[in-house]
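Peer 1: Right, I'll just put the structure down here and ask away after.
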Amino acid sequence: MEIGTVGVVGAGQMGNGIAHVLALAGYDVILTDVSPAAIERALATIGRNLERQVARGRIAAADREATLGRIRTTAALADLSPSDLVIEAATEREEVKNAIFAGLLPHLAPHTILTSNTSSISITRLASRTDRPGRFMGFHFMNPVPVMQLVELIRGIATDDATFAACHGVVERLGKTAASAEDYPAFIVNRILMPMINEAVYALYEGVGNVRSIDTSLRLGANHPMGPLELADFIGLDTCLAIMNVLHEGFADTKYRPCPLLVKYVEAGWLGRKTERGFYDYRGESPVPTR
C-alpha cells in the first residue's frame with residue numbers, strides 16, 4: 001500500500017526524531033502528545049537538529065523549511081485519522097501503549113497500519129489488543145533517530161506480508177537499513193546490548209571497577225564509541241531497567257536479573273541525562289562520575 005501520511009504518538013526523544021526523519025523524507029507527519037510543552041520542545045529540537053544538518057552541508061536550507069512545513073501537531077488522538085501508518089513512540093510501559101491503541105482505533109481507517117517503537121515488549125501481545133493484528137508490527141528506531149541507520153522490523157505472529165512490505169518500504173525511503181527480528185523479548189539489539197549494560201552495572205556494584213574505569217575499559221579495550229554506563233545514562237536508566245525486566249520475565253532466566261544497583265538508581269530518580277544525574281552527574285560543566 002502507498003504510505004503518504006504518518007501519525008507519530010509521543011513527542012519525546014524518540015518521537016521527535018521519528019517525526020524529523022519522516023518529514024525530511026517527504027511524508028506528511030501528524031505528531032501528537034498529551035503534553036503541549038512536550039510538543040513545543042519537540043518542534044524546537046527538530047528545528048535545531050535540522051539547522052545542524054544544514055550547517056554540515058547534509059541538507060539545503062530549503063529542505064529544513066519544507067521538512068518543518070510537513071509536520072502538523074495536535075493534542076488529540078482523533079486528529080490522526082488521516083494516517084496511513086501510525087508509529088507509537090510513548091513510554092516503555094505496556095499499559096500506556098494499550099491505552100493509546102484503544103484511543104486510536106475508533107478514529108483510524110480500515111487500511112491504517114499500526115506500529116510500535118517498543119524496544120522490548122511483545123508485538124504479538126500488543127497486536128492482540130487491537131482490531132487489526134494483521135496490520136500491526138514493531139517499528140523500532142535507534143536513538144538518536146536522525147543519526148542511527150538501523151531500524152528493527154518485528155512481525156507479530158499475525159502480521160501479514162503486505163504490512164511488512166509497506167513498513168520495509170518506509171525504512172528504505174528514509175535511507176535507513178532494516179533488520180528483521182523475531183518477536184522474542186527485546187528483539188535483537190536490546191537482547192544483546194542490555195545484558196552488557198546490566199553486567200557493567202554489576203561490575204560497578206561488586207567493586208570490580210568504578211564508573212570511569214569501566215567506561216574507559218570498554219571504550220579503549222573494545223573500541224566502543226561510548227562506555228556502557230555512559231550509554232545507559234544516554235538511553236535512560238528507567239528504560240534500561242524496563243527492558244531488563246521484560247527479558248527476566250520473558251525468559252525466566254536468572255542471567256537477565258536486573259542489577260540491584262540499577263534498581264536503586266531508578267528508585268532515586270537518577271535516570272541519566274534526562275534528570276541530570278545517573279552514573280554521571282551532568283549538572284556542572286562536564287559530567288562527573290557518581291561512583
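Peer 1: According to the square roots a ≥ b ≥ c of the eigenvalues of the Cα gyration tensor, what is the shape class of region 199-243, taking rounded for a/c under 1.5, prolate for a/b larger than b/c otherwise, and oblate for the remainder?
Peer 2: Oblate, since a/c reaches 1.5 and b/c is not below a/b.
Peer 1: Compute a Gaussian network model of the chain, connecting alpha carbons closer than 10 Å, and tell me which residue from LEU271, LEU80, LEU261 fluctuates the most.
Peer 2: LEU261
Peer 1: Residues of region 270-291 with amide nitrogen under 18 Å from the 7 Å Cα-to-Cβ point of LEU220?
Peer 2: Backbone N within reach: 289.
Peer 1: Same structure again: Hey, how many Å between the Cα centroid of region 192-262 and the Cα centroid of region 59-132?
Peer 2: 30
Peer 1: Can you list the residues, at least 5 places off or on another chain, whose amide H is less than 5 Å from the amide H of LEU31, using H built in the peptide plane?
Peer 2: Residues meeting the amide H criterion: VAL8, ARG72, THR73, THR74.
Peer 1: Also, quick follow-up: Principal axis extents for region 103-184, Cα atoms only, whole Å, descending order, please.
Peer 2: Extents along the principal axes: 34, 26, 24 Å.
Peer 1: Hey, if you put +1 on the Cβ of every Lys and Arg and -1 on every Asp and Glu Cβ in the chain, which of HIS107, LEU247, ILE157 ends up farthest toward the positive end of that dipole?
Peer 2: LEU247
Peer 1: Then there's this: Report, ordered by chain and residue number, the aspartates and glutamates lying within cross-link reach of LYS255, taken as a straight Cα distance under 12 Å and ignoring same-chain residues fewer than 8 apart.
Peer 2: Straight-line reach from LYS255, under 12 Å: GLU199.
Peer 1: How far is it, in nm, from the label point at ALA252 to the one at ALA55 when both lie 7 Å from their Cα along the line to the Cβ?
Peer 2: 5.4
Peer 1: Out of every Cα pair in region 191-289, what percent are spaced more than 20 Å from each other?
Peer 2: Here the tail beyond 20 Å accounts for 32 percent of pairs.
Peer 1: Now, a different point. Only Lys, Arg, Asp and Glu count, each charged at its Cβ (+1, +1, -1, -1), so figure out the dipole size of region 134-198 about its Cα centre, rounded to 20 debye.
Peer 2: 160
Peer 1: Right, next: 222 nm [θ] for the chain, helices only, -39500 (n - 2.57) per DSSP H run of 4+, per residue, to 500?
Peer 2: Result for the chain, helices only: -14000 deg cm²/dmol.
Peer 1: Over region 207-291, what is the mean sequence separation of C-alpha contacts under 8 Å (at least six apart), divided by residue count, expressed as relative contact order in percent?
Peer 2: Over region 207-291, the number comes to 26 percent.
Peer 1: Shifting gears a bit: Taking 0.36 nm per residue of sequence separation and subtracting the Cα-Cα distance, how much length would be gained by fully extending the chain between THR177 and MET142, in nm to one decimal?
Peer 2: Residue separation times 0.36 nm, minus the Cα-Cα distance, leaves 11.5 nm.
Peer 1: Could I ask something else about it? Starting from the 7 Å offset along Cα-to-Cβ, what nm value, one decimal, do you get for the label separation of ASP131 and VAL288?
Peer 2: Between ASP131 and VAL288, the label points sit 5.7 nm apart.
Any read-out appearing in this document is the output of simple, stated calculations on the displayed coordinates, not a laboratory observation. The shown structure was predicted, so the numbers you read here are calculated from the model rather than taken from an experiment. Ideal geometry is used to build each Cβ from the backbone, glycine not excepted, and the neighbour counts take in all protein chains shown.
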